[in-house]
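These notes concern the structure reproduced below.
The values are calculated or read from the model by the stated rules, or taken from the named source; none is laboratory data. On a predicted model such as this, the values are computed, not experimentally measured, just so you know. Glycine also receives a Cβ, built like all others from the backbone with ideal geometry; neighbour counts cover every protein chain displayed. Areas reflect the complete protein model, heavy atoms only, side chains present, ligands, DNA and RNA absent. Shrake-Rupley method; radii C 1.70, N 1.55, O 1.52, S 1.80 Å.
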Amino acid sequence: METKFQPFLRQSAPARALMRWFGVIATLAALPGRALAEDWGMGAANSKLSVPDVFAPVSTPAHQISTLAWFVIAITAAIFVVVAGLLTYAIVRFRAGPGHDDREPPQVYGSNPIEFAWTVVPILIVFVLILTTARTIYTVQAAPRPPNAINVRVIGHQWWWEVHYPDLGVVTANEIHVPVSDPKNPTPTFLDLESADVAHSFWVPRLAGKTDLIPNRKNTMWIAPHEPGTYLGQCAEFCGTEHALMLLRVYVQPRAEFDDWVASQQRQVALEPSVAHGRQVFESTACVNCHTVRGTVADGRFGPDLTHLMSRETLAAGAAMNTPEHLKIWIKDPSVIKPGVLMPAMNLDDQDLDAVAGYLATLH
Ligand code: CUA
C-alpha cells in the first residue's frame, strides 16, 4: 500500500499548499463569474436554501468544530486586542512632542521576569489550544459506528460524486439523503470516502468539517444532523477544470420520509412503451458505456447512475436545475453548462435528442 502513495508524498509541501490556496481562490473567483453568466436556475433555487456557513452548524461534528473555532477566535482576538492596545498606547503616549529632545530612552536587556513572562505565557496559550484541538479531533475521529448507523459510500470523480448505500442497495449521485438524527437516540450517517481519480474533498459546512477523498485510500467521516433541510456542499480540494462546479447536496429528512425515499430508489424503473424509441437510441449510443439504468443493458460505471435521474433536483453535480430544457441542453452539448466536463457531446440530431430526453424523463 505504501508505495502507491509515493507520487503524493513526492509533491512538495509548498506545492500542495499552493494548490490548496489556488483551489480556495479559484472557488471564490468563480462565484461572481457564475452569478453573472447563465446560472441554469441554480441562483434562484439556492437562494431558498441556507448559506453554507461554518458558524451555523446543525449536525454533531459541526457543532464541536464551531465551538472549538469560537474558542480559538476568542483567545486570538484577546491577544490581538492586548497587543494592538499596547501598541496604540505606546504610539500615542510616547510620540514626539514639542519639547522632545533626542535623548535615547532607557534600554532594558536581559530582564529575567520579562523574558520569563513572554516565554511562558505564549507556551501556555499554545498548550491550551493544542489540548482543546486534540480533544475535539479525538471525539470526532474516534466516534464508534453504531449498528443503526446509515452507511454511505461516496466516490469522488472529476467532477461529480458517486453515492452508494451498500446496506440498502441504493445507488445515486451528487444528492445524498440521510435521516434526521435525534440527539437522544442518534442515527448518525457514516460516509466512507474514496476517489476514482484525483484527490477531492467532501465539505458540507453546516454538517461537518472537510474530509479528503484520496485515491487508493478509504477515509471515513460521519454526520448526525439534528434539523431537516437541504444543505449545500462543495468539493474543497482543487481537482481540475470543473472543481468549482463539483457541488453536492445533503437532504436531511424525517425518518419516515427518508424510508420512503429509500423505497422509491430501490424500486425497479417501469419502462414506458411510449418512450421505446428514445430508450433504443440511448442504448445504441455510447451513453451506456458510462451510465447505468438498472434492469437495462446500460451498465456503465464512469458516469452517474441514471436509474432514478428524475428523482434528483439537479444535473451535472449541481451545475443546473434538473428541468426538461436543461436536460436537453446537457445531452446535446454538456460543455455549454459545464465547460471542460468529461461527458462528450453525442451529436444527436434534434429528433433523437428529443427521444432520448423523453426516455430519461421517465426515469423517476
Ligand atoms: Cu473534486 Cu475539487
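Which is at pLDDT below 95, among the aliphatic types (A, V, I, L, M), over 30 Å from Arg206 (Cβ atoms) and part of a loop (DSSP other than H, G, I, E, B), of Val108, Val92? Only one candidate passes the filter, namely Val108. Annotation: Leu306 fulfils all but one of (1) over 25 Å from the mean Cα position of the chain (by Cα); (2) assigned to a loop (DSSP other than H, G, I, E, B); (3) not basic (Lys, Arg); the unmet one is (1). When segment 162-190 is examined, which residues are found to be within 11 Å of Ala224 (Cα to Cα), part of a strand (DSSP E or B), in contact with a Phe, Trp or Tyr (Cβ under 9 Å, 6 or more places away or on another chain) and not aromatic (Phe, Trp, Tyr)? Hits for segment 162-190 are Val178, Pro179, Thr189. Tally the residues that are open to solvent by 40 Å² or more (accessible area, probe 1.4 Å), out of contact with any strand residue (DSSP E or B) (no Cβ under 7 Å at 6 or more places or on another chain) and either within 11 Å of the ligand (Cβ to nearest atom) or modelled with pLDDT under 95 (or both), restricting the search to segment 191-219. Of the residues in segment 191-219, 1 are open to solvent by 40 Å² or more (accessible area, probe 1.4 Å), out of contact with any strand residue (DSSP E or B) (no Cβ under 7 Å at 6 or more places or on another chain) and either within 11 Å of the ligand (Cβ to nearest atom) or modelled with pLDDT under 95 (or both). Would you mind telling me which numbered condition in (1) without any contact (Cβ under 8 Å) to a residue 12 or more places away in the chain; (2) within 16 Å of the ligand (Cβ to nearest atom); (3) of a type in the set (D, E, K, R) Arg135 fails? The one condition Arg135 does not meet is (2).
The set of residues from segment 271-292 being under 26 Å from the mean Cα position of the chain (by Cα) and either open to solvent by less than 20 Å² (accessible area, probe 1.4 Å) or within 17 Å of Val170 (Cβ to Cβ) (or both) comprises His291, Thr292.
Yes/no per residue for (1) of a type in the set (Lys, Arg); (2) closer than 30 Å to Ile337 by Cα:
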| site | (1), (2) |
| --- | --- |
| Pro186 | no, no |
| Glu194 | no, yes |
| Ser201 | no, yes |
| Trp222 | no, no |
| Pro225 | no, no |
| Gln234 | no, yes |
| Glu237 | no, yes |
| Arg255 | yes, no |
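Taking the criterion of being surrounded by fewer than 18 Cβ atoms within 10 Å (Cβ to Cβ) and either within 16 Å of the ligand (Cβ to nearest atom) or basic (Lys, Arg) (or both), the residues of segment 233-265 that qualify are Gly240, Thr241, Arg255.
Conditions tested, residue by residue: (1) under 28 Å from Lys218 (Cα atoms); (2) among the small types (Gly, Ala, Ser); (3) in contact with an Asp or Glu (Cβ under 6 Å, 6 or more places away or on another chain).
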| position | (1), (2), (3) |
| --- | --- |
| Thr60 | yes, no, no |
| Ile65 | yes, no, no |
| Leu68 | yes, no, no |
| Val92 | no, no, no |
| Ala96 | no, yes, no |
| Val108 | no, no, no |
| Asn112 | no, no, no |
| Val126 | no, no, no |
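What about Thr296, is it open to solvent by 20 Å² or more (accessible area, probe 1.4 Å), within 16 Å of the ligand (Cβ to nearest atom) and either among the hydroxyl-bearing types (Ser, Thr, Tyr) or under 22 Å from His164 (Cβ atoms) (or both)? Spelling it out, it is not the case that Thr296 is open to solvent by 20 Å² or more (accessible area, probe 1.4 Å), within 16 Å of the ligand (Cβ to nearest atom) and either among the hydroxyl-bearing types (Ser, Thr, Tyr) or under 22 Å from His164 (Cβ atoms) (or both). With the condition kept exactly as written, say whether any residue in segment 162-184 is more than 22 Å from Pro57 (Cβ to Cβ), acidic (Asp, Glu), open to solvent by 20 Å² or more (accessible area, probe 1.4 Å) and more than 11 Å from the ligand (Cβ to nearest atom). Within segment 162-184, one or more residues are more than 22 Å from Pro57 (Cβ to Cβ), acidic (Asp, Glu), open to solvent by 20 Å² or more (accessible area, probe 1.4 Å) and more than 11 Å from the ligand (Cβ to nearest atom).
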